[in-house]
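The values are calculated or read from the model by the stated rules, or taken from the named source; none is laboratory data. Quantities reported herein were computed from a predicted structural model and do not represent experimental measurements. A quick note on method: Cβ atoms are made from the backbone with ideal geometry, for glycine too, and the neighbour counts reach across all protein chains shown. When the accessible area is computed, the model is the full protein with side chains, heavy atoms only, and any ligands, DNA or RNA have been set aside. Shrake-Rupley method; radii C 1.70, N 1.55, O 1.52, S 1.80 Å.
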Amino acid sequence: MAQSIREETAKRLLGGLSRPCVSISGSTDLESLPDSYPWLLTSSLVVKPDVLLKRRGKSGLVKLNVKWNEARDWLAQAIGKELTIEGLSGELSHFIVEEFFPHDDATNEFYIAIRTLQEGDEILFSHRGGIHVGDVEQHARKLLVEINEDGDVPDIPFGSLFDDVKDALAQEALPRFVQSLYSRFCDLHFAFLEINPFCFDAATSSFVILDAAAKLDHTADFICEDKWGHVEFPSPFGRKFTDAERYIRELDSKTGASLKLTILNPKGRIWTMIAGGGASVVYSDTICDLGQAHELANYGEYSGAPTEVTTYEYAKTLLGLVTAEDTFRPEGKILLIGGGIANFTSVAATFTGIIRAIREMQQRIREYKVRIYVRRGGPNYQDGLKLMRELGAETGLPIKVYGPETYMTAIIPIALDEDKGICASTIQSSMRVSTWHEMRMEDVEHDDQFQTADISATTPKKRTFAEANGTAPASEKRRVLFTDKTRCFVWGLQERAVQEMMDFDHVCNRDKPSVAAIIYEFSVPHLRPFYFGTDEIFIPVVQTLKDATEKFPEVDTLINFASMRSADKVTRLAMDFPQVKTIAIIAEGVPERKTRELLVTARRRNITIIGPATVGGIKPGCFRIGNTGGMLENIMNSKLYRPGSVAFVTKSGGMLNEMNNILRIKADGCYEGVAIGGDRFPGTTMMDHLLRYEQDPGVKVMLLLGEVGGTIEYEVVRAIKEGTITKPLVAWCVGTCAPLFSTEVSFGHAGAWAGTDSEQAAAKNKALRDAGAYVPNSFQDLGEVIKDVYDTLIEKGLITRMVEPALPRVPMDYAWAKKLGLVRKPKGFVSTISDDRGEELVYAGWPISKVMQGNMGVGGVLSLLWFKRPLPDYCYRYLEMVLMLTADHGPAVCGAHNTIVTARAGKDLISSLISGLCTIGDRFGGACDQAACQFLKAYDDKQTPEEFVKSMASQKKLIMGIGHKIKSVHNPDMRVQLLKTFCKTNFSRPALIGFAEDVERVTTKKKDTLILNVDGLIGVSMVDMLFGCGAFSETEARDYISVGCINGLFVLGRSIGFIGHYLDQKRLKQGLYRHDVDDIAYVLPDLSTSHH
């Protein structure tokens, strides 16, 4: 998306083509600034605001030919000053200071602009610049520079571009300057650059840039991050971002979803939270069409499957604005939570975040008399709407809920009419209005409401049009993209999308699944199971496109799910395979220049590209791209399993589904629908697809849903006038609200901004209507215009009402059947210690944030995950102390030895760690558990220490936890001493420790090395902790001892040391270990004298 930058940023990026300049803001130390920029003291200067403000000179805001002292004093007074210019009020927050260049403004001022177009980069040059430039569109010379598909900057064929320049030296120098300028334009991914004026410096035969305005394609930041450095994308003058807007921008930058928020009128009554870039504009249009532009408080949208947490933060921010101080309206406010029918975003998941925010803020919502109207469709929409309805019942808030059976924007007049006390059921308009009720798949298949449409609207005036004969015009025959035999490759392991394509294939009665193979670079070749109806089939997963094309030479379509960083590379790779003729690029955020380079190759090789930034398209009864059309329920609802008579093209993926729904109600359904994508430069234009529809005899009516920005709709206007398009065309361009806003609004689609008046939606609608297209007065009327055209074709016999085909029974996935309460199944296993399903990880009921804030440490985490409860603080310190004391005991013990040997054999960390852990048992480390059990049994049996020792001796059993090879009474183990001191100091009842010490006194009388070792002390002290901390019943304590939790401490602690030994050997680059033969006693039988 193109975003404006400051003039100082533009000049910095132009490098040596611009003279030195410096940016000054409120934080700049004006006194010390010349220390960093000495030229400020030696040059005459120009000072001007750098706040995206036009006509600064006419407003008296430019200081020319001044010295630093005067500039400094003026800046000190001007920085931060609030003023109103041409009706816009804003703050002069930034200034630019640069060297003054004296020149004759009548003869030595030129104009140049470079702007990006679908077919190339257009250069506009005028020998008249500055305030004399006039209407550059009328008198500037223009030159289109075609894009090089290899990414190189092309040489500009200047031709007569500079013929109007009188100065011969300037005319000679211009090509070199403009070529350098254009190289920077391409290399730095500028979307627009205007320099007015620039002057010729005869002394140096170079040019001086005086004023500049520019936009960068911010989607190229991952390419240009180092070249750009720090770049700020400021708001336009008079449009200062609020804290809420800044927060949403920051949130948007940290998520793969799209989040937009622009506050238009903070005291307005009508607030919107709309899902989808296209739908959000339609809602704003409708509000303005109904005369409520002055009450529209915001423009906002969320899309791209935001998480529950992200949606919660967005909704909480918006509700904070709705209920902000000093915005109370006695008549109340309206909040519209709307959207089209989603393709892949889970309505229930996003609504869960919204519901949480509403629940938290319900008191303020009630105080501010906010009425909430909900309309949504798409995956899991029934669950989402049900949750919304239940929220209204629970809180008592006025929440009205509508589903896809209601026209998308119907909730707006419903809300406005209820202001007047009119019940929704009495509204007479062109909309279907029906309060949502829960519905199951069988309802979709059998309910009569899906066989006939409820049409109660007034009929628009009849139109006359040429009868459609379905024959192609005398132009190039266009390839049919999709049939019921079309098969594709899917780039990326998109299992959900593939399964949805399979389900669509099944209900369309296709013979073969439409997905031939999945290409996934990060996996070995294998087969992946999917369902084709009730049959489980296996789709091959391959690593390369070469493998896929060799295995399936008949496949001609690629669905590219690669990320924005690699989508262009994957597409370019695919275009090198001659069999690939259609490519859908799903990713948003592909840099515009990369897209246009791809399009050059695609046109040359006659390859059709749909996207980027698209959900794809669908041809009912034949083929769907990925998630297009949404869940199977919506496929059935919109009757996408068989073709209708209306083919359409739109930019918006969400609106594609909405169009399917409208066509099912107002006509006989969709024949084909394509979302070309919301970027400025889609792979194919609306005209490309309309020409295909014009040649397809199955298409009887065409539908175009355009939007504000760009000029591709004017191609359609010319085609109608020239007779290239003869079939009835219904058209509407959304974004008619844009001119009514007092500030520039960043709509949801990258291409939805108008650079000229002709790019406004209203101008396009007028041009289409004048050319002969059927254009409604608003989106509200679109369905009725479609119905009017369709009914007329029925009357003329050009369309025959179809007989609905018999449908195969739709298999229901277990997950969906479970949601509907149709099946039940015992759980595979049970977990009671952690849960990662919510908005944050939970340990034994404790959110991870609480665990971290409580400074519980490793001991606290261990207590939650092992014992499912918090313990006293001294228990945490005890557990951590045990881990520290058992972490390592040198390289000679068997566990460390095994780890070292395995590491030196070249094995990985996990293998080396396991080899060490496998040595832990009764003889090494594993004595902790047995020591605890032996000492506890003796203590429970009330044996004296002497009796215990004698009993174990009589059974010929070792006392676990007693004895050490090196340490003795006279050379005690410091680990034992430290742990024993801690336990006696902090434990309320160290009874078993005391008993073990008494046993030690008995055993050391026999031998001074038969001491209580660290394993034994850990065992008995852990028993004392479990019995004495007050957190466990006696039964619970004994259960934990019996299941091995004490040994777990040794395993966990010693793993630290084993990993250390592994890393040490790798760091030292030690070779394969071979034991010294001198250290081995070879004892073999002597068979030399034996007799056979």
How big is Rg to Rh over the stretch 322-407, alpha-carbon atoms, Rh as the Kirkwood inverse-mean-distance radius? 0.99
Phi-based couplings in Hz for the stretch 513-524 (Karplus 6.51, -1.76, 1.60; Gly and Pro marked x): x, 6, 9, 8, 7, 10, 9, 9, 5, 9, 8, 6
With Cα coordinates, the longest principal axis of the chain makes an angle with the long axis of helix 712-722, in degrees rounded to 10, of 40
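For the chain, what does the helix formula give at 222 nm: sum of -39500 (n - 2.57) over DSSP H segments with n ≥ 4, over the residue count, nearest 500 deg cm²/dmol?
Values: 38 runs with 411 residues, N = 1092.
Rounded to the nearest 500, the figure is -11500 deg cm²/dmol.
What net charge is computed for the residues neighbouring Asp285, neighbours being all others with C-beta under 14 Å from the C-beta of Asp285, Lys and Arg scored +1, Asp and Glu -1? Before the final figure, lay out the partial values.
On the way: positive: Lys764; negative: Asp289, Glu301, Glu658, Glu707, Asp781.
Overall, the nearby charge balance is -4.
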Whole angstrom only: what separates the Cα centroid of the stretch 965-1025 from the Cα centroid of the stretch 102-163? 89
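Could you give the C-alpha radius of gyration of the stretch 86-206 expressed as a fraction of 2.2 N^0.38 Å, taking N as the number of residues it contains? Display every interim value, and only then the final one.
On the way: Rg = 15.8 Å, N = 121, 2.2 N^0.38 = 13.6 Å.
After normalising by residue count via 2.2 N^0.38 Å, the value is 1.16.
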Residues of the chain: accessible area per residue at 1.4 Å, in Å²? 44
Could the peptides 730-737, 1029-1036 be put in order, highest first, of the mean number of other beta-carbon atoms found within 10 Å of their residues? 730-737, 1029-1036
What does the charge count near Met686 come to, summing +1 for each Lys or Arg and -1 for each Asp or Glu among other residues with Cβ under 9 Å from its Cβ? -2
Given pairs Lys254/Lys316; Lys240/Lys333; Lys54/Lys240; Lys48/Lys215; Lys240/Lys260; Lys67/Lys166 and cut-off 27 Å on Cα-Cα distance, the over-length ones are Lys67/Lys166
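Expressed as a fraction of 2.2 N^0.38 Å, the rule-of-thumb size for a compact globular protein of N residues, what is the C-alpha radius of gyration of the stretch 186-294? Provide the component values of the computation, followed by the final result.
Numbers: Rg = 19.6 Å, N = 109, 2.2 N^0.38 = 13.1 Å.
Dividing the Cα radius of gyration by 2.2 N^0.38 Å gives 1.50.
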List the lysines whose Cα sits under 17 Å from the Cα of Lys651, skipping any in the same chain fewer than 8 residues away. Lys619, Lys764
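With +1 on the Cβ of every Lys and Arg and -1 on the Cβ of every Asp and Glu, and nothing else charged, how large is the dipole of the stretch 1-146 about its Cα centre, in debye rounded to the nearest 20? Don't skip to the end; give the middle numbers.
Details: 17 positive and 22 negative charges, 38 e Å.
My answer is approximately 180 debye.
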Report the normalised scattering of the stretch 623-679 as log10 I(q)/I(0) at q = 0.13, 0.16, 0.31 Å⁻¹, calculated by the Debye formula with identical scatterers on the alpha carbons. -0.26, -0.40, -1.47
Per-peptide average of other Cβ atoms within 10 Å, ordering 700-712, 154-166, 214-226 highest first: 700-712, 214-226, 154-166
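Compute, for the chain, the length of the dipole vector about the Cα centre, with Cβ point charges of +1 (Lys, Arg) and -1 (Asp, Glu) only. Units Debye, rounded to 20.
Working: 125 positive and 140 negative charges, 430 e Å.
With only Lys, Arg, Asp and Glu charged at Cβ, the dipole is about 2060 debye.
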Mind listing the phi-derived Karplus ³J(HN,Hα) values for the stretch 191-196, rounded to whole Hz, using 6.51, -1.76 and 1.60 with θ = phi - 60°, and x for any glycine or proline? 9, 7, 8, 10, 10, 8
The computed P(r) of the stretch 2-228 puts the percent of Cα pairs beyond 31 Å at 24
Can you tell me the orientation of helix 592-604 relative to the chain, as the angle in degrees between its alpha-carbon axis and the longest Cα principal axis, to the nearest 10? 70
Relative to the longest principal axis of the C-alpha atoms of the chain, give the angle of the C-alpha long axis of helix 927-940, reported between 0 and 90° and rounded to the nearest 10°. 60
For Val370, other-chain or 5+-apart residues with amide H closer than 5 Å (H placed, Pro excluded) are Lys333
Starting from the Cα gyration tensor of the stretch 871-1068, multiply each eigenvalue by 5, take the square root, and state the resulting semi-axes largest first in whole Å. 30, 20, 15
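Order 611-620, 79-88 from most to least packed using the mean count of other Cβ atoms within 10 Å. Could you put the intermediate results ahead of the total?
Values: 611-620: 27.9, 79-88: 12.6.
Highest mean packing first, the order is 611-620, 79-88.
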Taking amide H positions as placed in the peptide plane 1.01 Å from N, state which residues far from Gly339 in sequence (5 or more) or on other chains have amide H under 5 Å from it. Ala275, Arg375
Cα-Cα P(r), the stretch 488-796, percent of pairs per 20 Å interval: 33, 57, 10
All-pairs Cα distance distribution in the stretch 875-976, expressed in whole percent, bin size 10 Å: 12, 32, 33, 17, 5, 0
Selection from Gly1053, Ile676, Leu640 lying farthest towards where the dipole of the chain points positive, charges on Cβ: Gly1053
Can you list the lysines whose alpha carbon is less than 23 Å from that of Lys957, not counting same-chain residues fewer than 8 positions off? Lys937, Lys942, Lys965, Lys967, Lys1005, Lys1006, Lys1007
Taking the Cα centroid of the stretch 1-60 and of the stretch 598-657, what is the distance between the two, rounded to the nearest whole Å? 48
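How many Å³ per residue does the convex hull of the Cα positions in the chain occupy? Intermediate results must be reported in sequence, preceding the final value.
Numbers: hull volume 313.7 nm³, N = 1092.
Dividing the Cα hull volume of the chain by its residues yields 287 Å³.
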Roughly how compact is the stretch 243-423, stated as its Cα Rg over 2.2 N^0.38 Å to two decimals? 0.93
Can you list the lysines whose alpha carbon sits under 21 Å from that of Lys907, skipping same-chain ones fewer than 8 residues off? Lys1066, Lys1069
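Keeping the other protein chains in place, figure out the carbon and sulfur percent of the accessible area of the stretch 871-1068, with a 1.4 Å probe. Walk me through the numbers before you get to the answer.
Details: 5460 of 9470 Å².
Carbon-and-sulfur percentage of accessible area, whole number: 58.
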